[in-house]
Amino acid sequence: MAKKVTVTTFQEMKETAEKITMLTAYDYTMAKIVDGSEVEAILVGDSLGMVMLGYPDTTGVTMEDMLHHTKAVSRGVTRAMVIADMPFLSYHLGIPQSVKNAGRLIQEGHAQAVKMEGGQEIIPDIRAIVRAGIPVMGHLGLTPQSIHTIGGYFIQGKSKEQAEKLIADALALVEAGVFGIVLECVPAELAAMITKKVTVPTIGIGAGAGCDGQVLVIHDLIGMLQGKVAKFVKQYGQIGHFMEEAISRYVQEVKNGVFPDAEHSYPIENAALNPANGEQK
Ligand code: KIV
């Protein structure tokens with residue numbers, strides 16, 4: 001069996017400059033496929049709110065939602081590190097509750113790490129979770145749980161003040177013990193600068209090629225959801241079209257009587273259908 005990816009693997013990959021790959025997954029089947037493709041980490045992102053549950057943003061996602069999907073993903077993964085997002089308000093109501101919620105994602109969800117959005121304001125919670133033996137991945141730049149404060153899905157860190165704050169936040173997260181930092185929608189040059197300054201790997205999404213690794217939402221990558229995708233998304237397939245086509249053919253074939261045919265049906269001996277024939281002596 002392939003060797004399990006751990007926080008040590010992340011650190012070694014930073015040191016040897018080998019790029020880290022991370023993708024989201026939210027269910028058993030997808031997790032099994034993604035794990036087979038040898039990515040280093042599978043993120044059970046709270047993006048599942050939009051992708052799986054049809055919410056307009058991530059603020060509606062609860063601990064119970066995260067646990068439900070993390071359990072399913074963990075059952076499908078043997079190699080990659082499973083990282084579960086801590087959802088909106090699950091680490092803002094006091095340190096004991098933050099530690100308890102992080103612990104549930106490990107103990108009940110069987111994740112190996114949690115991810116938390118935010119900078120210096122969440123340092124006490126991160127410290128306490130790390131002290132409990134739970135690896136934490138930070139998340140800076142565009143932090144979608146704060147969508148109502150930010151006011152939209154915009155690039156972050158464009159002004160001097162914003163850039164300085166991002167650098168200070170990244171350094172503070174490292175000091176608090178995170179093993180990696182997601183940088184979302186940050187100008188490429190700034191992300192590269194942060195990557196050089198911090199001792200842990202940075203994982204970019206819309207943050208250019210200078211990060212230590214990359215993460216994408218799997219449904220964006222394979223083109224499963226129809227419609228416009230963000231500028232930073234590269235689509236490596238159009239699975240949604242294939243699915244639509246296959247389902248339309250099924251509907252047509254059922255209506256035309258083409259499916260099911262003999263090949264997809266179970267035959268029975270004539271005698272069994274008409275017992276009187278079989279009993280004749
Ligand atoms: O929830 C998520 O999918 C994420 C990634 C976009 C990094 O946080």
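The values are calculated or read from the model by the stated rules, or taken from the named source; none is laboratory data. Treat the numbers as computed from the prediction; the structure is a model and nothing was measured. Cβ: placed from backbone, ideal geometry, glycine included. Neighbour counts: every protein chain shown. Keep in mind that these areas ignore ligands, DNA and RNA; they rest on the heavy atoms of the full protein, side chains included. Shrake-Rupley method; radii C 1.70, N 1.55, O 1.52, S 1.80 Å.
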Q | Members of the stretch 221-245 found to be within 12 Å of the ligand (Cβ to nearest atom) and either within 23 Å of LEU190 (Cβ to Cβ) or in a loop (DSSP other than H, G, I, E, B) (or both), listed by number | A | ALA230, PHE232, VAL233
**Q.** 1 or more residues in contact with a Gly (Cβ under 7 Å, 6 or more places away or on another chain) and crowded, with 21+ Cβ neighbours inside 10 Å: qualifying strands (runs of 3 or more DSSP E) within the stretch 17-107
**A.** 20-24, 81-85
(Q) Which condition from (1) away from the ligand (no atom under 14 Å from the Cβ); (2) in contact with a Pro (Cβ under 9 Å, 6 or more places away or on another chain); (3) more than 22 Å from GLY133 (Cα to Cα); (4) of a type in the set (Val, Ile, Thr) is the one that ILE95 breaks? (A) (3)
Q. Picking from GLY157, GLY204, which residue would you name as being more than 19 Å from ALA113 (Cβ to Cβ) and either touching a Cys at 6+ places or on another chain (Cβ under 8 Å) or not in a strand (DSSP E or B) (or both)?
A. GLY157
Q) What number of residues in the stretch 117-137 are of a type in the set (A, V, I, L, M, F, W, C) and either closer than 14 Å to VAL182 by Cα or outside the structural domain of SER98 (by TED's automatic domain parsing) (or both)? A) 2
Q) Before we move on, is ASP220 modelled with pLDDT of 95 or more and loosely packed, with under 12 Cβ neighbours inside 10 Å? A) no
Q: Could you tell me which residue of the stretch 158-186 is least open to solvent (accessible area, probe 1.4 Å), considering only residues that are away from the ligand (no atom under 16 Å from the Cβ) and in contact with a Lys or Arg (Cβ under 8 Å, 6 or more places away or on another chain)?
A: ALA176
